[in-house]
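Asker: Sharing a structure below in structure tokens format, with a few things to ask.
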Amino acid sequence: MRLTPEQIVQFERDGYLFFPGLFSPEETRRLTDAVPDLYARREAYNVREKGSDAVRTNFAAHLYSEPFARLARHPRMVQPVEDLFGEKLYMHQFKINGKMAFEGDVWQWHQDYGTWRNDDLMPTERAMNVAIFLDDVNPFNGPLMFIPGSHRKGVVDAKHDLTTTSYPLWTVDHALIAQLVERAGGKQGGIVSPQGPAGSMILFHSCLVHASSSNLSPWNRVSVYLSLCAVSNHIRRFKRPEYIAHRVFDPIECLPDDCLLKDYPVELPWKNGMPGSALVTSLEPIDRHEVAA
Ligand code: SIN
Ligand code: MN
């Protein structure tokens, strides 16, 4: 899928693009059907909500689940980002966020690149999130909120929040959020919240400031996020386990557009379990070690 010149201008201005209903119900169902089995696993790659058994986020399913391995190579998700960066991409992070009915906790205000820079030593912001909704997203089930244009501020100050939820995040303080929202139009568009049917896709800049509220509704809000990084911009430190921040920088080769509906062969390197090496971490930059890049 190619972006039009108008979409590129819109992306540069707002920091995101929304594609309602881009994937068909049948394509989405192939993915949704695979989620309960993944969430049931007692593995480190399933991070559960604080004080609850509900899965907050499942990492790296593209390495051990066929439908998600195909999604990770889907041209509708990968090609627009390749075009924007003019370079091949690798998968920096792959997650299926639960935001389960009644249980899904907040995601505090943050920029993803803040975490990728501070934790993973990703050199620049040449990385992008592409999300697909696996459930309908409405005002009640904790939709994503964006501050349009906030990506143009570049990297803003952030603090490492280790306590608010079960998942550590570099978060932006509320005074700065208030300023950014005011600058983006205050009550007239200073916060936007793309909502739509399952199968909708959002592409958003790694410096776009975003958050989401908890889900007190009876409706799940499962979404998949591909964090795609330009190959030349690969991370320089393995401070986080490999299931969170990937260490294989091979360029993604897309499958055909119908890959969610046909069983194209895909490799599943973690099909028989995650290797022990995926849990080994280090605070040293990788160029001081011998690692395969
Ligand atoms: C994220 O910001 O990484 C996730 C936010 C959400 O799923 O609501
Ligand atoms: Mn985020």
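The values are calculated or read from the model by the stated rules, or taken from the named source; none is laboratory data. Remember, it's a predicted structure, so these values are computed and weren't measured experimentally. Neighbour counts are summed over all protein chains in view; Cβ atoms, including those assigned to glycine, are modelled from backbone coordinates with ideal geometry. Side chains are part of the model used for accessible areas, which takes the heavy atoms of the whole protein and leaves out ligands, DNA and RNA. Shrake-Rupley method; radii C 1.70, N 1.55, O 1.52, S 1.80 Å.
Asker: Look at segment 157-181 and say how many of its residues are of a type in the set (Asp, Glu) and over 14 Å from TRP107 (Cα atoms).
Answerer: Count: 1.
Asker: Quick check on GLU103: is it over 13 Å from the mean Cα position of the chain (by Cα), within 14 Å of ligand 2 (Cβ to nearest atom) and of a type in the set (Asp, Glu)?
Answerer: no
Asker: Name, by its number, the condition in (1) within 16 Å of ligand 2 (Cβ to nearest atom); (2) within 16 Å of VAL231 (Cβ to Cβ); (3) open to solvent by 10 Å² or more (accessible area, probe 1.4 Å) that does not hold for ASP112.
Answerer: (2)
Asker: Got a sec? Which of ASP250, ASP263 is within 19 Å of LEU89 (Cα to Cα), open to solvent by 50 Å² or more (accessible area, probe 1.4 Å), part of a loop (DSSP other than H, G, I, E, B) and touching a residue at least 12 places away in the same chain (Cβ under 8 Å)? Walk me through how you get there before you give the answer.
Answerer: Working: ASP263 fails: within 19 Å of LEU89 (Cα to Cα).
Step by step, each of ASP250, ASP263 is checked, and only ASP250 is within 19 Å of LEU89 (Cα to Cα), open to solvent by 50 Å² or more (accessible area, probe 1.4 Å), part of a loop (DSSP other than H, G, I, E, B) and touching a residue at least 12 places away in the same chain (Cβ under 8 Å).
Asker: Can I ask one more? When you check PRO168 against the structure, is it surrounded by fewer than 16 Cβ atoms within 10 Å (Cβ to Cβ) and within 13 Å of ligand 1 (Cβ to nearest atom), yes or no?
Answerer: Yes: the conditions hold for PRO168.
Asker: For a quick check of your reading of the model, give me the residue pairs whose first member lies in segment 212-226 and is in a loop (DSSP other than H, G, I, E, B), whose second is of a type in the set (Ser, Thr, Tyr), with beta-carbon atoms closer than 8 Å and at least 6 apart or on different chains.
Answerer: Short answer, once both residue conditions are applied: VAL222/THR32.
Asker: Go through VAL248, VAL224, VAL231 for me and flag whichever is in contact with a strand residue (DSSP E or B) (Cβ under 9 Å, 6 or more places away or on another chain) and within 14 Å of ligand 1 (Cβ to nearest atom).
Answerer: Within the list VAL248, VAL224, VAL231, the selection yields VAL224.
Asker: Every residue in segment 70-108 that is within 11 Å of ligand 1 (Cβ to nearest atom) and over 17 Å from ILE202 (Cβ atoms), please.
Answerer: GLY98, GLY104, ASP105, VAL106, GLN108
Asker: Considering only segment 115-138, state which residues are in a loop (DSSP other than H, G, I, E, B) and away from ligand 1 (no atom under 14 Å from the Cβ). Don't jump to the end; show me each part of the working.
Answerer: Step one: filter segment 115-138 for residues in a loop (DSSP other than H, G, I, E, B), giving 121-126, 134-136, 138.
Across segment 115-138, the qualifying residues are LEU121, MET122, PRO123, THR124, GLU125, ARG126, ASP136.
Asker: For segment 211-221, enumerate the residues that are away from ligand 2 (no atom under 12 Å from the Cβ) and open to solvent by less than 10 Å² (accessible area, probe 1.4 Å).
Answerer: ASN215, SER217, ARG221
Asker: Among the residues in segment 185-203, are any in a helix (DSSP H, G or I) and modelled with pLDDT of 95 or more?
Answerer: No, that holds for no residue.
Asker: Out of ALA40, ALA60, report the one residue that is open to solvent by 40 Å² or more (accessible area, probe 1.4 Å) and at pLDDT 95 or above.
Answerer: Just a single option satisfies the conditions, and that option is ALA40.
Asker: Please work out if ASN141 is closer than 24 Å to LEU89 by Cα, more than 15 Å from the chain's Cα centre (by Cα) and not in a strand (DSSP E or B).
Answerer: In short, no.
Asker: So LEU208 passes all but one of these: (1) open to solvent by less than 10 Å² (accessible area, probe 1.4 Å); (2) not in a loop (DSSP other than H, G, I, E, B). Which condition number does it fail?
Answerer: LEU208 satisfies all of (1) open to solvent by less than 10 Å² (accessible area, probe 1.4 Å); (2) not in a loop (DSSP other than H, G, I, E, B) except (2).
Asker: Is it the case that GLY276 is farther than 26 Å from TYR167 by Cβ and more than 18 Å from the chain's Cα centre (by Cα)? Spell out how you get there, then give the answer.
Answerer: Details: farther than 26 Å from TYR167 by Cβ: no; more than 18 Å from the chain's Cα centre (by Cα): yes.
Judged against the criteria, GLY276 is not a match.
Asker: Now, a different point. Can you tell me which residue among LYS88, LYS50 is more than 16 Å from ligand 2 (Cβ to nearest atom), open to solvent by 20 Å² or more (accessible area, probe 1.4 Å), among the basic types (Lys, Arg) and under 22 Å from CYS254 (Cβ atoms)?
Answerer: Step by step, each of LYS88, LYS50 is checked, and only LYS88 is more than 16 Å from ligand 2 (Cβ to nearest atom), open to solvent by 20 Å² or more (accessible area, probe 1.4 Å), among the basic types (Lys, Arg) and under 22 Å from CYS254 (Cβ atoms).
Asker: Also: I need the full set of residues from segment 181-199 which are open to solvent by less than 20 Å² (accessible area, probe 1.4 Å) and either more than 16 Å from ligand 1 (Cβ to nearest atom) or over 30 Å from LEU22 (Cα atoms) (or both), in order please. Before the answer, list the steps.
Answerer: From segment 181-199, those open to solvent by less than 20 Å² (accessible area, probe 1.4 Å) are 186, 190, 194, 196, 199; that's our starting set.
Hits for segment 181-199 are GLY186, GLY190, GLY199.
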